[in-house]
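Report on the following structure.
The values are calculated or read from the model by the stated rules, or taken from the named source; none is laboratory data. Here the structure is a predicted model, which means the values were calculated and not measured. Glycine gets a Cβ as well: all are built from the backbone with ideal geometry, and neighbour counts include every protein chain shown.
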Amino acid sequence: MAMAGKSLVRKGRTVFWISIALVCAAIGTTLLLANDMRNLKAALRHFDVAWPIDTPAQPDAPVRPAPAPKLQTTGRKPPEPAPPPVRLRANFYEPEKPEILGSFQRQVYVGGPELCALLNDAGFINAGWLTSRFNADIAACFSERKLAATNPEAQGSLFLSVKGSPDGSINAIRMKIFWLDNADGQTLKRELIEALRIVIQKTHWTDFLDAIEPIDKLEDFNVDGFGADLTFSKEDGGSDSHGFLLILSMDGQDPAQLRTRSYFDRKAWLHLPGHLTTPQE
């Protein structure tokens, strides 16, 4: 009985110490492996034990796609794909109505009184922009120059008129020259061209500058565009006549131009009250 008791005591001590060893090993392992094995590496360095060097894994080389096979070409570009069809509803566009269409209309950037004053300063003496005694809706200025001559039939002259309405708007400019092939005739022709240059400069209609060369050569000329018509021709069309007419008309009779002019006619609109048009001090 005594021997059996000693054997049990010895076995109990063995189990106890094994348990203690396992617990200490677990605690030590935890301490060494903690913090990314920092304590383990420090202990190995302390005892001069070499630690295996971690070699980072090499990334796999990128897989390159195989080159596309070259197609045999004939030197021509492949046809572009056709655009998708556009389908619009039948009522998307309103049909054009010619009976209400307008047209571009030239704007006269100078008033009758100003143009007459400019012509007067240039030597085309006139009385200024005056309302007609026979028609209150018409205003105009006139200038006439006659060169002295012993023979009345050989007398050169230049006549100029600017017509419009009393509010200063201009609708026609007429110039008439009685020209003879002499020094006086050349002088009058230069004055005619100078008057036309003044008109073109103040109206900003520079496309009419093309008329100067044929006028200088006394050749017929006509241009019509956007409500203005410039004509230079022999008076009455007679080949024996020395008279030439230059007419710049701003009242084209094309229906579309008439509609545009009527739409922008100030007389067709209601007038603003005086307190809206008078500048406030």
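The single condition from (1) more than 41 Å from the chain's Cα centre (by Cα); (2) of a type in the set (A, V, I, L, M, F, W, C); (3) closer than 25 Å to Gly128 by Cβ that Phe244 fails is (3). A residue that is out of contact with any helix residue (DSSP H, G or I) (no Cβ under 7 Å at 6 or more places or on another chain), on the phi > 0 side of the Ramachandran plot and either part of a helix (DSSP H, G or I) or among the charged types (D, E, K, R) (or both) occurs somewhere in the range 236-248. Looking only at the range 185-207, filter to residues that are farther than 27 Å from Ala139 by Cβ and surrounded by 17 or more Cβ atoms within 10 Å (Cβ to Cβ); which one of those is modelled with the highest pLDDT? So the residue we want is Lys189. Within the range 56-65, none of the residues are surrounded by 10 or more Cβ atoms within 10 Å (Cβ to Cβ), over 30 Å from Gln201 (Cβ atoms), of a type in the set (A, V, I, L, M) and at pLDDT below 70. Taking the range 86-136 as the range and being more than 23 Å from Phe159 (Cβ to Cβ) and either surrounded by 15 or more Cβ atoms within 10 Å (Cβ to Cβ) or more than 32 Å from the chain's Cα centre (by Cα) (or both) as the test, the residues that pass are Gly102, Ser103, Gln105, Arg106, Ala136. Of the numbered criteria (1) touching a strand residue (DSSP E or B) at 6+ places or on another chain (Cβ under 9 Å); (2) assigned to a loop (DSSP other than H, G, I, E, B), the one Leu158 fails is (2). Annotation: of all residues in the range 203-217 being out of contact with any helix residue (DSSP H, G or I) (no Cβ under 8 Å at 6 or more places or on another chain) and free of Cβ contacts under 8 Å to residues at least 40 places away in the same chain, the one that is farthest from Lys176 (Cα to Cα) is Asp207. If you go through the range 137-157 and pick out every residue that is over 43 Å from the mean Cα position of the chain (by Cα) and either at pLDDT below 90 or exposed (fewer than 12 other Cβ atoms within 10 Å of the Cβ) (or both), you end up with 13.
Can you name the residue in the range 208-229 that is among the aliphatic types (A, V, I, L, M) and outside any helix (DSSP H, G or I) and is also surrounded by the fewest Cβ atoms within 10 Å (Cβ to Cβ) among such residues?
Among those residues, the one meeting the criterion is Val223.
Within the range 256-270, the set of residues being part of a loop (DSSP other than H, G, I, E, B) and without any contact (Cβ under 8 Å) to a residue 60 or more places away in the chain comprises Asp265, Trp269, Leu270.
Each residue in the range 178-224 was checked for being polar (S, T, N, Q) and touching a Phe, Trp or Tyr at 6+ places or on another chain (Cβ under 7 Å), and 1 of them qualify.
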